[in-house]
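In what follows, a single structure is set out as structure tokens and then discussed.
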Amino acid sequence: MNILELIIEHINYLGAAAVFVIGLYTVVNHTNFIKRIIGINIMGTGVFLFFIAIGNVVGGQPPIIDVNNPDVLFINPLPSTLILTGIVVVVSITVYSLSLVIRIYETYGTIDQEEIAKIQKRETDHD
Amino acid sequence: MLDVIVKTITRIIVPFTLLYGIFIILHGHVSPGGGFSGGTLIGTSLILYTLVFGVAKSKKKFSHRMSEIAESGGILLYILIGIVGIIFAGSFLSNIDAGFSIGIPGSLFSAGMIPILMVGIGIKVASTFITLFHTLIEGDFE
Amino acid sequence: MIEQLPIINLLLLLTMALVIPLFKKRSINTTTTIGFIVLVVVLISSILILNHVHVNGSFVYRFGNYSNVFGIELLINSFSAFFTLFIIALVIPVYLYSTGDATEGVAEKEYGRYYILLFILLFALLGIVYTNDLFNTYVFMEILAITTCSIISIKRKKENYTSAFRYVMLNELGSLSYLFGVALLYMITGYTNIDLVSQSLQGVWQLYQANIITAIGFMVVGIGIKAAIFPFHIWLPDAHSTAPSSSSAILSAIVIKAYVLLLVKVMFRVFGFDILDSFSIPGIITVIGATGMIMGSVFAIAQKDIKRMLGYSSVAQVGYMVLGLGLMSGLGMKAAFFHIVSHGMMKAALFLSVGIIIFHKKVRKVEDFIGLAYQMPFTMVVFSIAALGLIGIPITSGFVSKLNLGLAIMDSGQWFFIAILILSGLLNAIYYLPIIINAFLKSRTETPQLMHLEKVPILMVVSCFFLGFAILAVGLFPNALLGLIEAAVQSFQ
């Protein structure tokens, strides 16, 4: 019972860590470039979930001030602000990698890493 | 026939989505949202316009030159407000100390310089989206 | 007024990058001239800041006068002032060099792109060194990742794209791993400011040992991927082999060092000696450094392309710096900082001279260097000075840094690393000396044995010369530099 209580109490953190590890597995294991970019996004989502779960206060309201009712327990607004910036950063990296993938597809005709390695090896053998 | 339906509906909807995006940008200090999400809404509605009506018509309305000016102008506005903070209060991005009026918390004209920064960020994000979409969809990067 | 200079530096660089797209009808020369003026202004203000810090002590700059519990803060002490001066002073010769090289092979409408990327890269570099907030560091790290990756694949060649893609993927893994470490620290302390985090950690680190060891692991791996420390260096040689020479010089001489500086900040200012000692981290870091020193050189010996060889040599030299940091003493840090400065100059001189050779002769393989000194004497002289410096011959700055590192190892009593130092010096000689000997002493049968000046743009030769001269000057009179570095080390005690 003790282990089960421990897991349920920290379920937010365990879930975020699990998402991070799933993203890492996707980046490392798959050879298709688009799947790797999706893996980076999943990893980013895992880290951001971890950050926001830290800011949670049990029984708190979303941190928006209502002028009629100012004295309410709020959750910590600071991690949410940081994560807003973080999401924009991950989106811009995704956009850049996708434009690189379009160029790679135009040049080699495939977006699988093993096939590209074979094509490159054939080219350097010709030199 | 499907073409006519899509074009008519888009022509009706795009102004409302643009208005909603501007609403989210201007109310960044009162409700959740702010520059990034409002800019994304404006950018996405312009992408919808491009998808339905074609790249040529969209380039006539939002030319490359205009989005270049919008991108630089957004951040230059941000830097300018920061420098106003340096001149009047000795620190970059000062709010109350630099003389911006605070107003009543919770109303639209409040919180000093934050709405102006949000407008700058919103313009920049929207123009970034439309530039990226035009570049990716043309396939010709030269 | 002096207190505002750091933020004015950052804003000047960012504004220059934003204004370049608006110069629609001007020529490229206007852009480069205005850029050079901006760089000189930033250099003068960095010298003024360094002077102010040495006279009056360090100071803190808060954005918007908010308290550091939730605001952004820049810390300007002797460490950050000295290293921002070093970064700007090293960029100016590379910038002058790039005016000759960066526009070759690029379409006319896009000449300004290289400089936009360069100025945003400088903005992010200065930001990483100045800032005192862990999350702000993450944002600057990502800006640096995108701009570096774009600047090395600026010429539209085929092999660029896959190496750039691998670089982006590995960089992203590193950044997200670093951010996970910051999240773990935020969980214990509730702050992201470096001073507040270290203050809270000192009191309570006994209770949260699992958190802290995991955070140290994530952050060191994340920064290690980006600084090309040994097991995580895979992206560096591929990134160098297809990049234009000024971008390779910026990447290998400056960008990697900024991450080593970030490692110094994280290890010594956030965690501190006691916490790291109790988890026996110094032993791990010295072993990683020593392995990098040996394996980097071993891989470099096997390379045929000159730029890949220089890339692996960078991996070995970063191993020196990490070894110096892992000794956890004032002497070790002094040796590591001096090696950052001198290796920056030497690697930049190497890449720029190789760039002139590729620009003029279009050869890239090591065996094509035979007899090259007769056709390009000045370039080969600069190359030889820098290569001898990396081996560790006296009168160059490389000798002084190796001497300091040897003294630091002897002072800490771990005699095994002296053997590794000597062995890696020998390995360095094995792949640099044949190039110099081939160039100067052997000859080709079809070219005459007359020396004549090469016809390359004058700015490229001038900047190479300036770097070669600086290497010799620092080697002969190192005391001024050592004094500044000693002050930088003092800020960590």
- Message: With a 1.4 Å probe and all protein chains left in place, how much of the accessible area of chain C comes from carbon and sulfur atoms, in whole percent?
- Response: 68
- Message: At 1.4 Å probe radius, can you tell me the per residue accessible area of the protein assembly as shown in Å²?
- Response: 42
- Task: Show C:Trp235, C:Trp205, C:Trp415 ordered by accessible area, largest first, where the area counts protein heavy atoms only and the probe is 1.4 Å.
- Result: C:Trp415, C:Trp205, C:Trp235
- Query: What accessible area, summed over both chains, is buried at the A-C interface (1.4 Å probe, Å², nearest 100)?
  - Reply: 3200
- Query: Given the protein chains as shown and a 1.4 Å probe, how many square angstrom of A:Leu78 are accessible, to the nearest 10?
  - Reply: 50
- Query: How big is the accessible area of B:Arg11 in square angstrom, nearest 10, if you roll a 1.4 angstrom probe over the protein chains?
  - Reply: 150
- Message: Please compute, for peptide B:88-97, the average count of beta-carbon atoms on other protein chains lying within 10 Å of each residue's beta-carbon.
- Response: 5
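When you look at the Cβ of every residue in A:83-90, what mean number of other chain Cβ atoms sits within 10 Å?
The per-residue average across the peptide is 6.
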- Message: Sort A:12-18, C:256-262, C:486-492 by packing, meaning the average of other beta carbons within 10 Å per residue, with the highest value first.
- Response: C:256-262, C:486-492, A:12-18
- Task: Once every Cα of the protein assembly as shown carries one equal point scatterer and solvent is ignored, give the base-10 log of I(q)/I(0) from the Debye formula at q = 0.04, 0.05, 0.08, 0.09 Å⁻¹, two decimals.
- Result: -0.17, -0.26, -0.69, -0.89
- Have a look at segment C:33-75 and report residues whose accessible surface goes down by 30 Å² or more when the remaining protein chains are included, against the chain on its own, probe 1.4 Å, ligands and DNA/RNA excluded. C:Tyr61, C:Phe63, C:Gly64, C:Asn65, C:Tyr66
- Item | Greater than 28 Å apart at Cα, pairs in C:Lys158/C:Lys362; C:Lys304/C:Lys442; B:Lys59/B:Lys124; C:Lys157/C:Lys365; A:Lys118/C:Lys307; C:Lys334/C:Lys365 | C:Lys334/C:Lys365
- Residue mean of other protein chain beta carbons inside 10 Å, C:164-172: 6
- Taking the Cα centre of each part, how many Å lie between segment A:1-69 and segment B:39-114? 31
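The values are calculated or read from the model by the stated rules, or taken from the named source; none is laboratory data. On a predicted model such as this, the values are computed, not experimentally measured, just so you know. Backbone-built Cβ (ideal geometry, glycine too); neighbour counts: all protein chains shown. Quick note on the areas: whole protein, heavy atoms, side chains included, nothing else; ligands and nucleic acids left out. Shrake-Rupley method; radii C 1.70, N 1.55, O 1.52, S 1.80 Å.
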